[in-house]
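See below for the structure under consideration.
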Amino acid sequence: RAKAKGPGTSKVFKPSMHTHVMKRLQVANELQRAIERQEFIVYYQPIISLDSDRIDGFEALVRWQHQEKGLIAPTDFIPIAEETEAILKIDQWVLRHACTQLGLWQQQFPNLGSLTMSVNLSSKHLAHPSLIEVLDEILAETGLGGSSLKVEITESFVMEQSKTSLDILEQIKQRKIELCLDDFGTGYSSLSYLDCFSFNILKIDRSFIKRLVAEQDRCEIIKAIVDLAITLNMQVVAEGVETNVQRKRLKALNCGYGQGYGFFPPLDSQNITRLLEQQDTPIN
Ligand code: C2E
Ligand code: MG
Ligand code: MG
Ligand code: MG
């Protein structure tokens with residue numbers, strides 16, 4: 001057994017760590033196969049305008065349809081995929097599928113206004129200019145306008161900011177694709193990043209919304225984030241809206257959009273189509 005000589009000088013390798021490493025390796029291997037066989041499915045979670053209570057668009061959320069284990073949540077494989085180039089392929093697959101699906105919905109439901117699609121991209125893409133080629137290809141294939149598409153990036157990417165990543169973000173914006181800062185408030189964000197990357201949309205992390213339980217709960221932080229976003233000309237989406245109290249309070253704070261189980265959970269494309277059919281029927 002290694003002897004601890006103070007912080008960081010030596011590590012004890014426990015059997016549990018060995019199992020953990022083996023498990024990650026196994027998942028990484030299986031992911032390779034899953035990519036070849038396209039064993040993924042995209043779920044879509046509606047994003048609601050708090051003003052009109054209507055569906056404004058969707059967030060695409062990937063799941064892995066594992067042959068034996070069933071549906072696997074992204075939190076169980078995306079971090080592993082992010083250790084390799086696998087994440088690039090997965091994200092591109094999701095992007096292509098979600099854009100194709102949005103094109104179909106826009107055609108089928110022209111009365112519902114300009115439905116949009118928000119797709120999560122790993123910050124790894126910001127080191128690969130090929131993302132722009134892929135985006136152009138997908139927009140051309142699907143005939144979607146750039147303004148129908150939003151890309152969500154979490155705050156962690158700011159650690160890796162470089163000329164390349166700034167260039168890529170700039171090129172995304174040139175295509176009228178909106179930039180969305182995901183999970184705001186949890187990462188390493190410095191306020192100056194908000195300025196320097198000029199995001200169009202800010203998503204307040206669920207952990208802040210969760211604290212809003214009762215009518216009289218304090219919500220100064222949420223208010224401050226919303227006000228900041230409005231001042232910087234950004235739209236604000238609250239994540240993880242689960243209750244009516246949260247919905248009402250957020251609306252009163254001028255938060256524009258909400259997303260959460262209190263509206264709809266992530267659903268497969270058939271269920272979203274059904275939902276849109278209901279919204280499409282004129283109310284007489
Ligand atoms: P995220 O982008 O912050 O997505 C929101 C997550 O919150 C989703 O989890 C969603 O199902 C969950 N959620 C939505 N409403 C509620 C609510 O009211 N209460 C609670 N407790 N949770 C809610 P999901 O689908 O498991 O995805 C987890 C994360 O995995 C995502 O967080 C995103 O960071 C990542 N992810 C998902 N799909 C992709 C993808 O295609 N590419 C990449 N790179 N990452 C993805
Ligand atoms: Mg997201
Ligand atoms: Mg998020
Ligand atoms: Mg989140």
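The values are calculated or read from the model by the stated rules, or taken from the named source; none is laboratory data. Keep in mind the model is a prediction, meaning the values are calculated, not measured. As a convention, Cβ positions derive from the backbone with ideal geometry for all residues, glycine included, and neighbour counts pool all protein chains shown. Calculation scope for accessible area: heavy atoms of the full protein, side chains included, ligands and nucleic acids excluded. Shrake-Rupley method; radii C 1.70, N 1.55, O 1.52, S 1.80 Å.
Quick one: work out the % antiparallel among DSSP beta bridges in the chain, nearest 5.
40
Measure nothing fancy, just the Cα-based angle from helix 269-280's long axis to the longest principal axis of the chain, in degrees from 0 to 90, nearest 10.
20
Can you tell me the 0 to 90 degree angle between the C-alpha axis of helix 15-37 and the longest principal axis of the chain, rounded to 10?
50
Calculate what fraction, in whole %, of the accessible area of segment 48-169 sits on carbon and sulfur atoms when a 1.4 Å probe is rolled over the protein chains. Can you show the working numbers first?
Working: 2650 of 5350 Å².
Here it works out to 50 percent.
I'd like the orientation of helix 86-108 relative to the chain: the angle between its Cα long axis and the longest Cα principal axis, in ° from 0 to 90, rounded to 10.
It works out to around 10 degrees.
Name the residue, out of Ala98, Ala229, Ala252, whose mean-square fluctuation peaks in a Gaussian network model built on the chain with Cα pairs under 10 Å.
Ala252
Could you estimate the translational diffusion coefficient of the chain from the Stokes-Einstein equation, with Rh from the Kirkwood formula over C-alpha pairs, at 10 °C and 1.306 mPa s, in whole µm²/s? Show your work: numbers first, answer last.
Numbers: Rh = 20.5 Å.
It comes out at roughly 78 µm²/s.
In cubic angstrom, how much convex hull volume per residue do the alpha carbon atoms of segment 244-284 span? Let's see the in-between values first.
Working: hull volume 4.1 nm³, N = 41.
So the per-residue Cα hull volume is 99 Å³.
Mean 1/r over all different Cα pairs, inverted: what Kirkwood radius does segment 145-284 give, in Å? Walk me through the numbers before you get to the answer.
On the way: mean 1/r = 0.0604 Å⁻¹.
Across segment 145-284, the inverse of the average 1/r is 16.5 Å.
Would you mind working out the accessible area per residue for the chain, using a 1.4 Å probe, and quoting it in Å²? Present the calculation step by step, with values, prior to reporting the outcome.
Numbers: 15350 Å² over 284 residues.
Per residue, the chain has 54 Å² of solvent-accessible surface.
Rounded to whole Å, give me the distance from the Cα center of segment 60-101 to that of segment 224-241.
After rounding, the separation between the Cα centres reads 28 Å.
Towards the positive end of the charge dipole of the chain, with charges on Cβ (+1 Lys, Arg; -1 Asp, Glu), say which of Gln278, Phe197, Ala81 has the farthest Cα.
Ala81
With 10 Å bins from zero, work out the P(r) of segment 118-213 over every alpha carbon pair and list the percent per bin.
Percent of Cα pairs in each bin: 15, 49, 27, 8, 1.
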